[in-house]
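The structure appears below as structure tokens.
The values are calculated or read from the model by the stated rules, or taken from the named source; none is laboratory data. It should be emphasised that the depicted structure is a prediction, and the values quoted were computed from it without experimental measurement. Note that we place each Cβ from the backbone using ideal geometry, even for glycine, and neighbour counts take in every protein chain shown.
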Amino acid sequence: MAKLGKQSWTLNQRVYIQETGTSVGPKESRGPLGDSFDKSYDNLYCGEDNWEMAERKLLQDAIQITLEKAGLKQQHIDMFIAGDLLNQNVSANYTARDMDMSYLGMFGACSTSMETLAVASQLVDAGVADRILTAVCSHNATAERQFRFPTEYGNQKPATATSTATGAGCALVSREKSQIRIEGATIGKVVDFGATNAFDLGSAMVPAAYDTIKRHLSDFGRTPADYDLIVTGDLSSVGSPILKDMLRSDGINIDAVHKDCGNLLYNNDQGMLAGGSGTACSAIVTYSHLLDEMRKGTYKRILVTATGALMNPTLIRQKESIPAIAHSVVLVREEV
Amino acid sequence: MDSKFKKENYTDTAKTYYPKVPYVRNCLKAFFVGGFICLIGELLTKFYMQVFDMSQQEAGTPTVTTLILISAILTGLGIYDRIAQFAGAGSAVPVTGFANAVTSAALEYKSEGYVLGVGSNMFKLAGSVIVFGVTSAYIVGIIRYIFNQLIGG
């Protein structure tokens, strides 16, 4: 194990994302990245009876697609690490019922994608497991119900609000050589700058992203120029400029290399307000579009910083602020 | 770090990055959509008065009921929340907004069954309106009674 600085690590062995699978809902498939997803549904129910089932269906699809692409079966996989947005991590837990392997459920809100990937890469590196499936999912309607209002309730959302992405992303982590190598990770700490507006989670998560990115660059001894892309999970069109300005005030300029998954996912005319969010957001964009671009050679080394707002509706009503966390994983293109 | 990004100033600084709220445009949208809903109500009242020979007071109940029905159907079809995103208070304030609050909650919890799902959750949003509506009516009623007694006496 190679600890780096205070919060980071690099992997001793060469650990790869062997394959990925993504499945998405209707709005995601009509967005600019629509063609890069493996499977899409034109209805939020995804052929199921209710939205919770639809969310699990998306997760099962992403796992199935990943296994098929890798030409593997469940018995070849040692461990499943997954998470979602719902209480008790139900989508991941209930999907794990049908998986004959060790299981770790994780919750980091929308940062779970990189949390699971970072932990999986470390476990594979340590030799604890040979092949690990990491997956996350979220569904717009289940998240609306749990965190906000009934889906059909007519409240006018402000332009700062983000929209939970419907979809699931799965990655198979192993030592099998592929074009995408996991170089290391920076594990974030929980940061709370006192934001209380649940309709502006983008700016609530910026201090966490700022903290993790800054820590990452210092732990790795790098500058933004060492990356072809620094991509955040779901800081939205409100949070992204704040992050850039915040880092710039410390002399770190990421303007040229920064993108936000939530802003890549939808077209401006889709009425998605400040952009996409949700556990699936960073996963479906990274595991499809961004890895495709890496394989093409557009990016050689990218830093994926998934951001999570650790909010809870009960605590919001009790006037608590919204803590946030961000985890970064470095992905490097390898010639095969 | 620039002091405006420090924890104590952060929330205020973040607000400066918010897109401008188009208050005038929002007010106009709310005015016209709200007004349009009231216009439908007015037409319904006239309709009930003409066709069923009701007095204006009698026509009130079927008018409100019809508006509630229309709102519930539009909610079920997934249209009302889109109108609301456009109209804001224009569709929230009239009785149709209240109907939407009840219907949307009922729909949302259908998957949890009729008794523990729909039954116990359909007033999740509207319940608070009923509680405070009834309570404030009671208080105002008492004030009016006392006032009348004093003036009348």
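Structure above, values below:
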read-out	value
Condition met for A:Asn268 (closer than 25 Å to A:Arg333 by Cβ, polar (S, T, N, Q) and surrounded by fewer than 16 Cβ atoms within 10 Å (Cβ to Cβ))	no
Subset tally (residues that are in contact with a helix residue (DSSP H, G or I) (Cβ under 9 Å, 6 or more places away or on another chain) and either more than 28 Å from A:Ala129 (Cα to Cα) or among the basic types (Lys, Arg) (or both)) for the stretch A:38-83	18
Subset of the stretch A:254-310 that is assigned to a loop (DSSP other than H, G, I, E, B) and among the aromatic types (Phe, Trp, Tyr) - its residue that is farthest from A:Pro158 (Cα to Cα)	A:Tyr299
Looking only at the stretch A:52-89, and only at residues there that are of a type in the set (Lys, Arg) and part of a helix (DSSP H, G or I), the one that is farthest from the other protein chains (Cβ to nearest Cβ)	A:Lys69
Qualifying residue in the stretch A:103-115 (condition: out of contact with any Ser or Thr (no Cβ under 6 Å at 6 or more places or on another chain) and within 14 Å of another protein chain (Cβ to nearest Cβ))	no
Residues satisfying the stated conditions in the stretch A:149-196, i.e. in the same structural domain as A:His216 (by TED's automatic domain parsing), closer than 21 Å to A:Asn312 by Cα and assigned to a loop (DSSP other than H, G, I, E, B)	A:Gly188, A:Lys189, A:Val190, A:Asp192, A:Phe193, A:Gly194, A:Ala195, A:Thr196
Criterion violated by A:Gly105 - all others in (1) within 16 Å of the chain's Cα centre (by Cα); (2) buried (at least 20 other Cβ atoms within 10 Å of the Cβ) satisfied	(2)
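Yes/no per residue for (1) of a type in the set (Asp, Glu); (2) within 14 Å of chain B (Cβ to nearest Cβ); (3) surrounded by fewer than 24 Cβ atoms within 10 Å (Cβ to Cβ):
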residue: A:Leu117; (1), (2), (3): no, no, no
residue: A:Ala126; (1), (2), (3): no, no, yes
residue: A:Leu133; (1), (2), (3): no, no, no
residue: A:Asn140; (1), (2), (3): no, yes, no
residue: A:Ala168; (1), (2), (3): no, no, no
residue: A:Lys177; (1), (2), (3): no, no, yes
